[in-house]
């Protein structure tokens, strides 16, 4: 089969690889119809994720058809259309019992990381009962594939950890795909206002069209002052950090109201300064989280009921044969005005 | 009346001051029978609290008898024995409606700060209905006065923010009075183990007698390693920071288990390093809080029912005439083996 | 002043009464510009509320202008435009400290009940700081007056007690004003579907236009079967009872899914059968609640931000001089296709 | 092997049955060292549980040693000492993902119900990873076997659903084993008082020795009046119903304070009257629940840390050969002063 293979920092190739087979009785093999590229894939490409070794097939997002199924899979059948979750979970360990599937002792984020992933024609999914979600045949693949990673991440790490509730003023720092996923999912809880903060005016315009009530361009270094003005110096109830830098975390600390919640979503490479000399008295909460994907079924219900328009996160579409081009576009997202780029094997076949 | 007056950094005097009177219809004047000294009073004495000006009567803890009562106080009467809460709250503003009384727009921590306090024969209490709690006549004053500040602080900022629950392993960094108050109140939620961390072996022994299941002397800089050993490298479910230094906050970050809670209680003077490069993926929660004293009534019930032995926090007893000596003992707590020092006006009279 | 006065079952009169004055220092007197009629007023008129005595001015909903203000009111000023909450709360008692304002030991539902109410030119409001909410001058009175009672009731007793969350299937039994208020507020939490159940097709059509995704006419006694069909026999996650009869409570018990929530809002006159022989094993929750009005400020934010269209609950408009006619229309709501009927003193003046 | 077999209402026999074998790859076969009898077994014996058919081996509680293990069990090994949970759960279905294991689509309460149970020398456990808990070799079997059913039931259905918290006044109706399990576990949350209500003075004395602060004998029909006196007419914060009759549920309704929680644990055979004509305005919560056993690990931690003395629930001990006698004693619990009766295969062997 065709698959996108990582060969060390900066080196990707679309190659022929053996089609995966069932190894454990709880496995399924899925024929991929649709996949996409995550910001994390770009981190891998830079060599920042040491668990990804030379020869690994990348990708942890996908929609497909079950091709083969292990003897111990009980809730799925060959031929089922399924959503692939980025998170593998055994459903048995102490972390799974606490719904912390991202820390599953027998799983976690494995696909396109420590095992081969979804940017291929086929993928093997361990613990298939817990890692796959049956889809109605008529669901839109492009909407559904947004449930593999980006929407649960925005919802769980941003909106839910931030405890967004009706009437809140929410700020989101970073209008990339994850920030936009936080923006879409925050609206499920009806905040009174959402302020989007980014360096890029194009992304801020998209944020506005996605439901942001105010936008702030932070390139002048005065985003915090601007947000405090907008809130009559009260600060915001929730701030979601969707970048992963010391400077963006600083904005969060400067605008949070007493009693507020800072939900960190961004992947950080360095420590940040935490201003406890000021915040110790502010009754605030700071959270970190890997996506556990426990909200996937709820998000699927929202998409099927027409109350969440996931598809608008998709900006570009390619066939699998064009995936290197897709990486190029997604890797230059600001310049290319790219959000999520979708890779369709069906297009490839045509 | 006699009162302890602050005259700038390092300067305290026991002086004659006019007896306070009712100013607002919601005020009460209380004759103090018992008061105590808080770690915050030592901060004031060092000049670290700029809102405290020359001439201020110190103290925010106390038990007494209502001497005079304003016309709009509805739940209290002259002659009632009462507990004085450190927190003044109007019960009307947006923060009071969220039970964030410490941030009350018309109150907060005022006593012995921006208005005269309780280390005196009498004190004026604003919004008396919300700042005083009727006590049964036979309650032990020394147990009751532990409810003015120290026990609600340990409970609310430590135990509750840390979400201590049955079966948890809890660590507490700092075995001073606040850490010990966290230790006592954490046990209301039945953790399976409590590890106490401090530099002082005497305090650790007291912690053990107060219910700590393990103690770790951190003077060798290896407290975190020791806690990880004790937990078979799982880390702890909750860690309560009751010191306020970068080094103690570092211990917290090093021992917290995935999914755990770091509850900061300590007053910090400087920023700390937050290791988001490691913690971004750990599903942890960090909280800060001023005590709101919303748990006072519950704690009073626990004392009255005999299920919380507050009195054992008291190590020394003085009359009001000896209060400068009491400050001296409390200011050298480690050397003097002091926990809370109680000042009794009854002793003074005798 | 003109006021609507109750003179025993079935007897109302628009009469001249003395203008109210400040009695307590915490009072305010408000000139009413807009009021409305509640289903509870109809209960009073039938003689079902024994605390309402002959001579009482009715009404517990209103918007107006502060005319006079007591010396101990701290957050309001003469001339302020204000919303009147149906709930009077002292902000000091043990129930207020638990945010159970409806059970306030010095308040609760007093207006138009044990003290004179708002269906008049002026009203006295006790504990004005807690019973009045400042309104921006340009807010729509008709939208704002929906916050006095109906919207907090639907939200607190229905939506919040039912714990509506994204992805849920919600059923609401009863499409009168309270059921519709539950319907509007449930949508703040993004359920995937809302099934409205009523005897009246006209009300069901209104429910559909307000956001119900399915409607079921229960006049054939088969509503429960119909809902089970709609949910493929899974039942609903939340059911809100907004009628108050044994038969409607039975529908709730028959359609609740394991793990679900039955939120009772209806006022019941008789015991109901609770089918514990079936439900003991179903992990369900049944709640009852008086409205506490603690969500008023949040709902006001939602109206001001344009995210909640409260005004569409208004079907008829009258001047104060026409209030008897308004009662007549509202008392025959199904026939008259009436939802909330608004009484405007401004119209009266014109 | 020897096994206790049900042959229709009133008919039990200790018989030779084939030793169970692995059927699914997720199974384990456990050699039972200790089991016990549940009140539910007595219901079965009366013929009240239609899913139990002639020939079924009874029992859903047990401690033992893994004898054989399926190829897909990942967290357990042959020879491990294990606790058997009454609940079988697949860890994969929508109910398992909500931690409602009792409603597992592939499990639930199966043992000694729809499949053979633990009152035998060996038992087959489906989904062994989720239904067995490794035990340290030196744990006391009699304490551990209290975790199979009785303690999780008292904790989850009673204490947790009742939301017992520090300072609460709790009432428990019924001082049988389940009520006593609620009594023991309620104390993990430090209520200020626990009132135990029962018809039997002997059981009330045991309750007192287990931590009840007051006891009320309800045989005069005046239990509710007595509890209201004890609480100065405030009522109780939590009431746990551990009987399952209309009359005992009535006591609960009569003593619950506004804002309180009624947690039903009892198995009811008939509907009860719910007094909504009074309770609609009381802001109360009524819950029902099957035990999900999600707290088993936490309870095990509490036992291992010495903070929960489970063993004191055991009143009688027998060998497997004496199990019919054990049923006789347990079936006449009041007369025999029996709590839990433990069946040990080790005793049988000796």
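Every number in this text was worked out from the coordinates using simple rules, so none of it is lab data. These numbers come from a predicted model, not from an experiment. For neighbour counting, all protein chains shown are included, and Cβ atoms are generated from backbone atoms with ideal geometry for every residue, glycine included.
For region C:243-350, a Kirkwood hydrodynamic radius built from all Cα pairs, placed in the Stokes-Einstein relation at 37 °C and 0.692 mPa s, yields a translational diffusion coefficient of 187 µm²/s.
Note on region C:183-291: percent of Cα-Cα distances in each 5 Å bin, starting at 0 and stopping at the bin with the largest distance, equals 2, 11, 22, 26, 23, 11, 4, 0. Mean residue ellipticity at 222 nm, helices only, chain A: -6000 deg cm²/dmol; runs of at least 4 DSSP H residues each add -39,500 (n - 2.57), and the sum is divided by the number of residues. Per-residue Cβ neighbour counts within 10 Å put B:129, C:16 in the sequence C:16, B:129, beginning with the fewest. Each copy carries a label point for residue B:15 at 7 Å from Cα toward Cβ; from one copy, the others' points are 6.3, 8.4, 9.5 nm away, ordered from shortest. Residues of region D:1-26 with an amide N closer than 19 Å to a point placed 7 Å from the Cα of residue D:324 along the Cα-to-Cβ direction: D:1-18.
Using C-alpha pairs under 8 Å with a sequence gap of at least 6, the mean separation divided by the residue count of region C:63-135 gives a relative contact order of 34 percent.
With N as its number of residues, region C:50-122 has a Cα radius of gyration that, divided by 2.2 N^0.38 Å, comes to 1.18. From the Kirkwood radius over Cα pairs of region C:170-239, Stokes-Einstein at 20 °C and 1.002 mPa s returns a whole-number translational diffusion coefficient of 182 µm²/s. Summary of the geometry: region A:193-213 and region A:175-189, compared by the centres of their Cα atoms, lie 10 Å apart. For region C:157-211, the share of alpha carbon pairs falling in successive 10 Å distance bins from zero is 27, 59, 14 percent. Using the Kirkwood radius over Cα pairs, work out the Stokes-Einstein diffusion coefficient for region B:1-124 at 37 °C and 0.692 mPa s, in µm²/s as a whole number. Estimated via Stokes-Einstein, D reaches 221 µm²/s.
Dividing the Cα radius of gyration of region D:120-174 by 2.2 N^0.38 Å, with N the residue count, gives 1.53. For chain D, calculate the relative contact order in percent as a whole number, restricting contacts to Cα pairs under 8 Å that are 6 or more residues apart. Once normalised by length, the contact order is 17 percent.
Report note on the peptides C:308-315, C:37-44: ranked by the mean count of other C-beta atoms within 10 Å, highest first, their order is C:37-44, C:308-315.
Panel order for B:298, A:196, C:302, by other beta carbons found within 10 Å of each beta carbon, from fewest to most: B:298, C:302, A:196. Normalised by residue number, the volume inside the convex hull of the Cα atoms of the protein assembly as shown is 184 Å³ per residue. Extents of region B:263-307, taken as max minus min of Cα coordinates on every principal axis and listed largest first, are 47, 26, 15 Å. Gaussian network model of chain A, Cα springs within a sub-10 Å range: biggest mean-square fluctuation belongs to which of A:32, A:74, A:84? In this elastic network of chain A, the residue with the biggest mean-square fluctuation among A:32, A:74, A:84 is A:74.
Residues C:67, A:156, A:68 in ascending order of nearby Cβ atoms (within 10 Å, fewest first): A:68, C:67, A:156. When peptides D:48-57, C:208-217 are sorted by average Cβ neighbour count within 10 Å, with the highest value leading, the order is C:208-217, D:48-57.
Averaging 1/r over each pair of different alpha-carbon atoms in chain A and inverting the result gives 20.6 Å, the Kirkwood hydrodynamic radius.
Centre-to-centre separation between the Cα atoms of region D:289-315 and those of region B:57-108: 42 Å.
Can you tell me the FRET efficiency between residue C:335 and residue A:42 if r is taken as the Cβ-Cβ distance and R0 is 60 Å, rounded to the nearest 0.05? Efficiency at R0 = 60 Å is approximately 0.40. All Cα-Cα separations within region B:289-350 were binned at 5 Å from zero, giving a P(r) of 4, 16, 17, 15, 19, 20, 9, 0, 0, each value a whole percent of the pairs. Counting only Cα atoms, the size of region D:71-194 along its three principal axes is 50, 36, 25 Å, in decreasing order.
Counting Cβ atoms of other protein chains within 10 Å of each Cβ in C:251-259 and taking the mean gives 2. Rg over Rh for region C:33-79 works out to 1.12, both radii taken from alpha-carbon positions and Rh defined as the Kirkwood radius. Cβ-Cβ distance of residue D:297 and residue B:222, R₀ of 35 Å, FRET efficiency by 1/(1 + (r/R0)^6): the value works out to about 0.70.
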